[in-house]
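A short reminder: the numbers here are calculations on the coordinates, not readings from a lab. Remember, it's a predicted structure, so these values are computed and weren't measured experimentally. In this analysis, Cβ positions are derived from the backbone assuming ideal geometry, glycine residues included, and neighbour counts consider all displayed protein chains.
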Ligand SMILES: NCc1[nH]cc(CCC(=O)O)c1CC(=O)O
């Protein structure tokens, strides 16, 4: 049965419990408080444990895609929203599947943070400075493939956990360097661990990197109204374009796909890169057109890249 919260009941904001997820939930709460002149008590942050947070799965040093793919960190949160246990959910858009469960809508995007990856190392200043055979820690299939393509000499090791855990691994000498989203570091107040940034011209970030999205029930008009002033126009155009690209490529699992759109006046410029998981081959392409046609442009670029790739290139599609 549909629960009918009283108009004065606190709005329940669902989130994972990681330091980054909490920072994103607090940012969302602050923006809601400012937009509606509401006190902190008008909101309740509800921490939800997801399969992806399951310690035993994380401890097993398996690539995340073997553990369960993209819905891994979102399933339980979306279930809580369908059940009415929470009213809205705050997500890192780059971790979100391109299609939402029935009854839910994800179209509220906050102003985007830095979209670049950061180069993090205790010994070296940049990717170019890494000596031959250096060890890079990463759990991201995209970063792994992009790095293997550009620097076949590098050795990759599986690297997971929060930023503190990863820094400890660097201290212990498990790897010489790692790559983290600048957006996450900035939100955690840890941007000083970044030695340099990877420019999109050198390596495109993940689709939707650096963007916080807020999901709600489609039928919940109270939440629709509350979120309206938070919806950032430029983020909306860019995310529609990038997510259409990913959706058309069927990037439903963690896939070696990178993509970034940039607004230039009333135009949008989308660049994409698709790689073989082992980094032995990559295809890149770009498209430009009216920003309001972003979704169609994203689909068109994806179709063009699918058509131009060798037949066995998309063996990872699922
Ligand atoms: N896959 C984990 C994840 N999801 C979102 C971010 C960073 C924040 C963002 O991109 O918005 C990260 C960590 C990372 O890649 O360093």
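Fewest first, what order do 82, 46 take by the number of other Cβ atoms within 10 Å?
82, 46
If you take the beta carbon distance between residue 218 and residue 192 as r and set R0 to 45 Å, what does 1/(1 + (r/R0)^6) give as a FRET efficiency, to the nearest 0.05?
Efficiency computed from Cβ-Cβ geometry: 0.60.
Take 193, 136, 90 and order them by how many other Cβ atoms sit within 10 Å, fewest up front.
Placing the least packed residue first, the sequence is 193, 136, 90.
Binning every alpha carbon pair distance of the chain at 20 Å from zero, what are the percents per bin?
31, 59, 10, 0
Between residue 250 and residue 201, what is the label-point separation in nm under the 7 Å Cα-to-beta-carbon projection?
Computed distance between label sites residue 201 and residue 250 equals 3.6 nm.
Could you check the spin-label model distance between residue 267 and residue 30? Points 7 Å from the Cα along Cα→Cβ, value in nm.
Placing both labels 7 Å beyond Cα along the Cβ direction yields 3.6 nm.
What number, rounded to the nearest 500 deg cm²/dmol, is the helix-based mean residue ellipticity at 222 nm of the chain, given -39500 (n - 2.57) per DSSP H run of at least four residues and division by all its residues?
-9000 deg cm²/dmol, from helical runs alone.
Full-extension gain between residue 122 and residue 228, please, as 0.36 nm times their residue separation minus the C-alpha to C-alpha distance.
33.9 nm
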